[in-house]
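What follows is one structure encoded as structure tokens, with my remarks underneath.
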Amino acid sequence: MTSFDKLATVTASTKRSPAISGGKRGAKTEEIASLSCTPLDSIDAEVRARFGLDGPHEVLQTFTHGGLDIREGDVLVVGSEEYPIRAVGEWTWRGTQYRHLIVEELKRGD
């Protein structure tokens, strides 16, 4: 077990919209059934500015193993919560590639 594996304590999955067919896009379906990631954490103002992520929603980040097919526009699912993925970047730590995911926590009115 690597040091990263000890930090990646959250099990998640991803959803993706299927290709457009007949002029319509279907509902998002599961893309990656199970992946390990670090707990979702708030990002600082510098990262928010770099990715142009101003808006009314909470912006969070997580890291997962590199090489996974995760794209902007996918949805990260953790438990019963869904987080739209706003940005995906590569991150190298101790010589290994990982994925840096920036997600939104959508605020729902009560």
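The values are calculated or read from the model by the stated rules, or taken from the named source; none is laboratory data. Every value quoted in this text rests on a predicted model; they were computed, and no experiment measured them. Virtual Cβ from ideal backbone geometry, glycine too; neighbours counted across all protein chains shown.
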Could you tell me which residue of segment 67-89 is surrounded by the most Cβ atoms within 10 Å (Cβ to Cβ), considering only residues that are small (Gly, Ala, Ser) and in a strand (DSSP E or B)?
-> Ala87
For residues in segment 1-19 being surrounded by 15 or more Cβ atoms within 10 Å (Cβ to Cβ) and either of a type in the set (A, V, I, L, M) or part of a helix (DSSP H, G or I) (or both), which is farthest from the chain's Cα centre (by Cα)?
-> Phe4
For residues that are assigned to a strand (DSSP E or B) and of a type in the set (Asp, Glu), scanning just segment 90-110, find the one that is farthest from Lys15 (Cα to Cα).
-> Glu90
Residues of segment 97-110 being surrounded by 12 or more Cβ atoms within 10 Å (Cβ to Cβ) and either farther than 18 Å from Glu72 by Cα or modelled with pLDDT of 85 or more (or both), which ones?
-> Tyr98, Arg99, His100, Leu101, Ile102, Val103, Glu104, Glu105
Conditions (1) of a type in the set (D, E, K, R); (2) surrounded by fewer than 12 Cβ atoms within 10 Å (Cβ to Cβ); (3) on the phi < 0 side of the Ramachandran plot; number of the one not met by Arg94 = (3)
Residue check for Gly52: at pLDDT below 95 and over 25 Å from Lys6 (Cβ atoms) = yes
The condition of being among the acidic types (Asp, Glu), without any contact (Cβ under 8 Å) to a residue 40 or more places away in the chain and within 23 Å of Leu106 (Cβ to Cβ) holds, among Glu72, Glu90, Glu82, only for Glu72
Restricting attention to segment 20-49, and to residues there that are assigned to a strand (DSSP E or B) and of a type in the set (D, E, K, R), which single residue is modelled with the highest pLDDT?
-> Asp41
What pairs can you find where one residue is in segment 38-49 and of a type outside the set (Asp, Glu), the other is at pLDDT below 90 and assigned to a loop (DSSP other than H, G, I, E, B), and their Cβ atoms are less than 9 Å apart, with a gap of 6+ or different chains?
-> Ile43/Phe51; Ile43/Leu53; Val47/Leu53; Arg48/Asp54
